Structure formats: C-alpha cells, structure tokens
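All remarks here apply to the structure that follows.
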Amino acid sequence: MFLRTVWAILWKDLVTEWRNRQTFSAMLVFALVVIFLFNFALELNRGAQAVVTSGVIWVTFAFCGTLGFNRSLSAEQDRGCLDGLLLAPVNRAAIYVGKALSNLVFMLATAVVVLPVYSLLYNTNLFIPAFLLVVLLGMLGYAALGTMLSGMSMRSRMRDLLLPVLLFPVALPLLVAVVKASSGLLEGQPLSAVRHWMDLLVVYDIIFVTVSLLVFDEVIED
Amino acid sequence: MRSGHPRLLLSLSIAASLLLCLALWAVFRYAPLELNMGAVQKVFYFHVSANWAGMLGFLVALVVSVIYLRTADLKWDIAAVAGIELGMVFTAMGIVSGMIWARPTWNTWWTWDPRLTTIAVVEMVYAAYFMLRQGIEECERRARFGAVYSIVGFISVPLTFFSIRFARTIHPVVIGSGDSSNQVFNMTPAMLQTFLLCLFAFSVLFVVLLWHRLRLGLLAQEVEDAANACWE
Amino acid sequence: MIEVSCLTKRFDGKTALRGLDFRAVAGEFVALLGPNGAGKTTLLYILASLLRPTKGEVRVAGCPLPHHAAAARRSVGFVAHQPLLYPDLTARENLTFFGRLYAVPHLPQRVDEVLCLVGLMECGNNLVRTFSRGMLQRLAIGRAVLHDPQILLLDEPYTGLDQAACEMLDAMLHLQAMQGRVLVMASHDLGHAARLASRFDILVSGNLKVSVFREQIPAEGLSALYQQAVQSQ
C-alpha cells in the first residue's frame with residue numbers, strides 16, 4: 001500500500017508535469033542562465049579549474065532545486081489539491097516520499113540537460129560515472145530535505161521567499177560534502193581518493209531522509 | 001507567583017549578579033597574565049563561557065521541541081523560543097569576544113576555521129527559525145513548525161562542523177596553523193579556577209535569564225488569552 | 001455515525017466553534033445552515049479530519065479523531081468548496097489517482113461506474129481544466145463517492161451552478177441519501193437545503209441554535225425559523 005501510494009503520487013506529478021512542463025522548464029532555464037552569469041562573474045574559461053566547476057554546478061543545482069521544491073507543494077495547495085491528498089487514508093510518509101521522488105526526478109532531469117551543456121561550453125569532461133553517482137547522492141539528500149522544508153515554507157506568509165533561508169543553512173553539510181567529492185573526482189582523482197566523502201554523503205542522505213520522514217506528519221497535517 | 005517574582009528566582013538573579021562580579025574580579029585580579037598573548041587572553045574566560053551558555057540554550061530548545069511534538073502543549077513552545085533567543089544572544093557574544101581575541105593573536109578578525117564557520121551557520125539556522133515563526137499566524141502551527149525546524153537545525157549543526165573539519169584537515173589551507181582554536185596555552189591552577197568560576201557564573205546567569213524569559217512568555221500568553229476572551 | 005460533543009475550535013484569537021454538540025445517524029441528510037462565519041466549514045473540515053479539534057470529542061464512523069483519523073478517512077467523502085481535482089489530468093485520470101490512494105478494488109470498472117453516475121462518461125478523457133463549473137462539481141462528487149464512503153460531507157455544493165446543474169445535483173444527492181449514507185451539507189441557501197434534507201441544523205457563531213426534523217418544522221416555515229435563530233443572537 002505504501003509503495004502504491006508513492007507510485008500513484010509520482011505518476012500523477014510526472015503526468016501533470018509532462019502536460020504543462022512548467023516546473024521543469026523554469027528550473028532548466030534558470031539553471032542555464034545562472035551558469036551563463038557565472039561565466040561572466042568568475043571569468044570561467046575553457047578547462048576551468050575542477051574546484052570552480054563543482055562549485056558553480058552545485059550552486060546552480062541548489063538554487064534551481066528550491067524553485068522546484070517551492071512549486072511542487074505550493075501548486076497542490078493553491079488549487080486545494082493538498083486537501084484532496086490529505087483526505088485520503090494514506091500514510092503521510094508515503095505522500096512525502098512520493099513528493100520527494102518527483103522533486104528528485106525534476107532535479108535529475110535538469111542535470112541531464114545542464115551537465116552536457118556545461119561540458120560543451122567549457123570543454124570539461126563531466127561524464128565520470130563516479131561523479132554522476134555523487135550528483136545522484138547529493139540531489140537525493142537535498143530533495144529529501146527541501147521537500148520537507150517546503151511543506152513549512154508554503155504555509156508561511158513569505159511563501160517562496162522563505163525556503164532558501166530555511167534550506168541552505170541546514171543543507172550546508174551535504175553541500176560541502178558534495179562539492180568536495182565532485183571537485184576531487186573532476187580533478188581526476190580516483191574514486192578511492194574521495195571515498196570518505198562518498199561515505200559521508202551516504203550517511204547524510206540517511207540522516208536527512210530519516211529525520212524528514214519522522215517529522216513530515218507534523219509538517220503537513222492540519 | 002502572579003504578583004511579582006517568585007522568591008527563588010529573585011535570589012537566583014541576585015546570586016547571578018554577584019557571581020558575575022566575582023568572575024570579573026577573578027578574571028582581572030586573580031588570574032595571572034598569560035605570557036605569550038598578554039592581557040587579551042583574558043577574553044578567553046568569558047568567550048568560552050558565553051559559547052557554553054549559547055549551546056545550553058540550543059540544547060534546551062531541542063529537548064523542549066521534542067517534548068512539544070509529543071504533548072502539543074504550548075508552554076513547551078514558549079520554552080523553545082526562550083532557549084533559542086538566549087542561545088542566539090550568548091552565541092553572538094561568543095562570536096564578538098572571539099573576534100576581539102582573534103585580532104591580536106591570529107592577526108585577523110575572522111578565519112574560516114571549522115568552529116568559527118559552524119558557529120556562524122548556527123546563527124543563520126536560528127535566524128531562519130525566527131523568520132519561519134514570523135510568517136505563520138496560527139500559534140499551534142507556528143509552534144509545530146518551530147519545533148520541527150529546531151530539531152532539524154540542531155541535527156544539522158554538528159554535521160556542518162564535521163563536514164568542514166573534514167574538508168580542512170584534508171586540505172590544510174586555513175590562515176594560521178591548522179586548527180588554531182585548539183591552540184592550547186598552559187593554564188595555571190589560578191587560571192583554571194577562574195575559568196571554572198566563569199563557566200559556573202554563566203551557567204547560573206543562563207538559568208536565571210531562561211527562567212525570566214519563560215515567565216515573560218507565559219505571562220504574555222496569559223495576557224493574550226485574556227484579551228481574546230474579552231474580545232469575544 | 002457522527003458524534004461530536006463539546007467541540008471547540010480556536011484559530012489564533014478567533015473561536016470558530018464553541019462547545020458544539022452534533023450527531024448524525026445512518027440515513028440522515030443533515031443541512032447545516034447558518035450565516036457566513038458561523039463555523040459550518042470548520043465543522044466539516046474537522047469531520048473530514050483536515051483540521052484538529054482544539055477541545056472536545058469527535059467520533060466519525062466510530063473512530064475518535066484526531067487519533068484514529070486514518071480509519072475515519074476511509075469512511076468519509078468530502079466535497080469541499082474547491083473541487084480538489086488536478087486540472088492537468090483527465091477526469092478518468094483524476095478518479096484513477098484518487099482511487100489508488102483509497103485502494104479501491106476493481107478500480108477501472110469503478111471509475112467507469114462513477115463517471116456514468118455523474119454523467120461525465122463521454123468527457124472522461126478530457127482534461128479537467130476544460131471543464132465548466134457544473135462539470136467540475138459533478139466530478140468532485142464523483143471523487144468523493146469513489147470509495148463508497150458511509151459519510152458524505154458537502155460544503156456549499158450549489159455555489160456557482162446554473163439551474164440545470166442544480167437539478168442534476170439534487171438528483172445525485174437524493175440518490176446518495178437513498179443509499180443509506182449520512183449526508184452533511186453546509187449551506188447558507190435555504191432553498192436547496194429545504195428540497196432535500198431530512199434535518200435542519202442552524203449554526204450561529206459557533207454553536208448549534210436549532211435542530212429540527214423536516215416533519216417538525218413549524219407552520220411559518222424554515223425561513224422564519226432561520227431568521228429567528230440568526231437574530232436571537
């Protein structure tokens with residue numbers, strides 16, 4: 001039943017998004033614009049340093065992630081659909097997992113476009129399997145935390161403004177780990193050299209997912 | 001209790017002021033001058049004590065937030081706010097005194113050392129806590145969200161410290177030497193006694209302020225309830 | 001079926017319900033009447049377990065709220081003020097989605113059945129964003145009865161409907177009542193309520209002022225009773 005609910009919500013979000021393409025296109029355009037901005041701000045040149053690359057990429061993902069998270073729950077609330085979900089006799093954790101997964105899919109979809117564009121523009125090879133794994137792990141924890149916090153920010157008077165304020169300081173350990181792991185890998189270090197960062201990432205993902213699951217009931221009810 | 005301060009609170013307040021005076025005296029008169037750093041080292045006593053009291057505040061907030069989520073009794077939410085407010089004030093004192101200490105010893109106001117960075121993030125997390133509360137009108141939801149965020153924040157802070165620590169030890173690029181706040185100077189017995197006295201004085205001060213703040217919060221709640229009852 | 005005693009709901013500084021007692025048994029169609037701000041919607045939201053009571057006891061289908069809300073939700077269908085439907089899904093997809101959440105058995109057949117019931121069979125594959133207000137309201141009722149709930153809650157279902165749609169809604173609600181469900185409908189419009197309900201409860205500023213069965217209505221009629229209740233405040 002849990003998995004069926006998760007799947008139903010994920011399916012619903014993906015079909016809706018496929019029909020109107022609002023969230024994804026906003027995230028994508030935003031991400032590309034940010035990368036262009038960084039180009040001028042940091043004088044990125046071809047073959048830019050790995051450290052800079054991973055910083056630019058993760059700051060971009062972090063910002064465009066908040067766009068998606070904000071959208072995902074507040075769109076439900078605006079049309080009153082959130083009440084529809086809450087009326088159903090389903091585990092609130094299942095609603096959370098469904099929403100977090102759809103957020104993760106949107107972030108990954110953005111990454112699928114942004115990463116090749118970045119490698120093309122700056123002539124850096126980003127197609128390192130271990131790096132892609134880091135992207136997945138980082139986005140997983142980030143979406144887990146962001147989905148939970150967006151449940152709080154959407155009920156606030158400040159709405160969308162509040163989410164980054166809530167999310168960034170709390171997600172900092174995850175972002176540090178993910179940036180360090182990425183820059184190590186992009187510098188050409190082998191997986192074993194950044195192994196400790198990967199372990200840390202897994203630990204953070206587990207902590208953030210668990211905590212969010214435990215508190216989501218309190219966030220979404222009433 | 002309604003009319004005026006409870007006696008214990010009053011005596012504790014007086015005790016805290018006396019203890020603080022005693023601590024000041026100990027810092028300037030009793031503790032000897034440190035050889036390398038000189039007079040500026042005296043900041044150390046209050047600096048560590050303030051940070052200690054700040055951490056106490058956040059810890060109190062964490063505990064009462066968990067209790068709030070279990071009981072949904074608004075008085076625990078008032079306690080959480082009290083803890084976090086005090087935590088932020090004491091931590092700010094810790095940061096400022098730390099900067100005063102850092103300037104002559106490390107020759108800079110600020111370094112991106114794990115402790116400094118973490119403490120800055122702590123202030124940001126709890127500033128976000130107040131922004132979150134500000135935007136929510138219904139008091140139960142505000143209390144619930146506040147409790148959730150203070151728990152999440154408290155869990156994330158040690159992780160931040162760990163992450164940065166990890167990053168810095170692998171690439172030792174900190175200005176100055178490695179983990180400079182760990183720089184140990186040899187404490188003479190008199191210094192140690194002074195240090196412990198300061199810790200104690202700040203702890204008592206913390207308890208007194210927490211109690212006052214709690215009392216204030218509960219009274220404010222009462223006033224609001226009465227006003228609502230009147231208005232209806 | 002529904003037992004509410006001493007229910008109080010307070011929103012920051014405002015009391016929406018004060019010590020309300022309310023009950024409804026199987027087969028009853030209760031019209032909750034009252035001016036705006038009387039607490040009708042709040043009561044429905046609490047019964048639907050979307051809001052938690054501040055004080056008092058609430059039992060829905062035998063389950064005390066809010067602690068056993070999950071069990072209660074299974075037996076409640078709610079037609080809220082908003083349709084609670086996704087505009088970018090078709091009618092059929094909407095019903096399928098909610099059916100999955102309720103774990104409705106034989107879902108595809110049940111969806112067809114419900115589409116038929118609300119008369120939307122031929123536009124089942126149209127996007128909900130293209131629907132008129134009347135169609136939306138019909139689909140919202142379809143969504144609410146999809147899992148065959150024992151209790152159906154309706155919040156101002158007639159708002160924004162034209163004459164024909166109103167008549168269709170009347171027929172549908174009548175059908176639901178015939179099937180032995182408990183219906184609780186909030187409305188400030190006496191006309192629609194008078195046509196269908198078996199009991200009239202008048203809420204005034206968070207309290208139940210009058211509760212009469214259709215047979216007991218005094219000679220001067222419902223509207224006189226209503227005026228009296230509202231003005232006696």
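The values are calculated or read from the model by the stated rules, or taken from the named source; none is laboratory data. All figures in this text were calculated on a predicted structure; none of them were measured in a lab. Backbone-built Cβ (ideal geometry, glycine too); neighbour counts: all protein chains shown.
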Hey, can you tell me all the residues within the range A:136-173 that are at the interface with chain B (Cβ under 7 Å from one of its Cβ atoms) and within 16 Å of the chain's Cα centre (by Cα)? A:V165, A:L166, A:P169, A:V170, A:L172, A:P173
Sole exception among (1) within 14 Å of chain A (Cβ to nearest Cβ); (2) at negative phi; (3) crowded, with 23+ Cβ neighbours inside 10 Å for C:L7, by number: (1)
In the range B:131-185, what residues are at pLDDT below 60 and either touching a Phe, Trp or Tyr at 6+ places or on another chain (Cβ under 6 Å) or of a type in the set (S, T, N, Q) (or both)? B:T169, B:G176, B:S177, B:S180, B:S181, B:N182, B:Q183
Quick one: in the range B:121-138, of everything that is within 8 Å of chain A (Cβ to nearest Cβ) and in a loop (DSSP other than H, G, I, E, B), which residue is nearest to A:P164 (Cα to Cα)? B:G135
Any residue at all in the range B:18-27 that's under 22 Å from B:R215 (Cβ atoms), part of a helix (DSSP H, G or I) and over 20 Å from the mean Cα position of the chain (by Cα)? yes
What residue, among those in the range A:180-207 that are surrounded by fewer than 24 Cβ atoms within 10 Å (Cβ to Cβ) and closer than 25 Å to A:S72 by Cβ, is nearest to the other protein chains (Cβ to nearest Cβ)? A:I207
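Specify which of the listed residues (C:G62, C:G56, C:G77) is more than 8 Å from chain A (Cβ to nearest Cβ) and under 20 Å from A:L85 (Cα atoms). Lay out the reasoning, then the answer.
Working: C:G62 fails: under 20 Å from A:L85 (Cα atoms); C:G56 fails: under 20 Å from A:L85 (Cα atoms).
Checking each option against the conditions leaves just C:G77.
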Collect the residues in the range B:108-124 that are in contact (Cβ under 8 Å) with a residue 40 or more places away in the chain and of a type outside the set (D, E, K, R), keeping them in residue-number order. B:T108, B:T111, B:W112, B:P114, B:L116, B:T117, B:T118, B:I119, B:V122
Could you check how many residues of the range C:71-90 are outside any loop (DSSP other than H, G, I, E, B), surrounded by fewer than 22 Cβ atoms within 10 Å (Cβ to Cβ) and of a type in the set (A, V, I, L, M)? 1
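For (1) under 30 Å from C:R73 (Cβ atoms); (2) in contact with a strand residue (DSSP E or B) (Cβ under 8 Å, 6 or more places away or on another chain), each residue gets a yes or a no:
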| residue | (1), (2) |
| --- | --- |
| C:G160 | yes, no |
| C:E167 | no, no |
| C:A171 | yes, no |
| C:L175 | yes, no |
| C:L183 | yes, yes |
| C:I202 | yes, yes |
| C:S211 | yes, yes |
| C:S223 | no, no |
Tell me the residue from C:E93, C:E122 that is more than 14 Å from chain A (Cβ to nearest Cβ) and either more than 19 Å from the chain's Cα centre (by Cα) or crowded, with 18+ Cβ neighbours inside 10 Å (or both), please. C:E122
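Wholly within the range C:113-220, which helices (runs of 4 or more DSSP H) include no fewer than the required count, namely at least 2 residues that are closer than 16 Å to C:R92 by Cβ and at pLDDT 85 or above? I'd like the intermediate steps shown before the answer.
Details: elements: C:133-145, C:163-178, C:190-196.
Those helices (runs of 4 or more DSSP H) span C:133-145.
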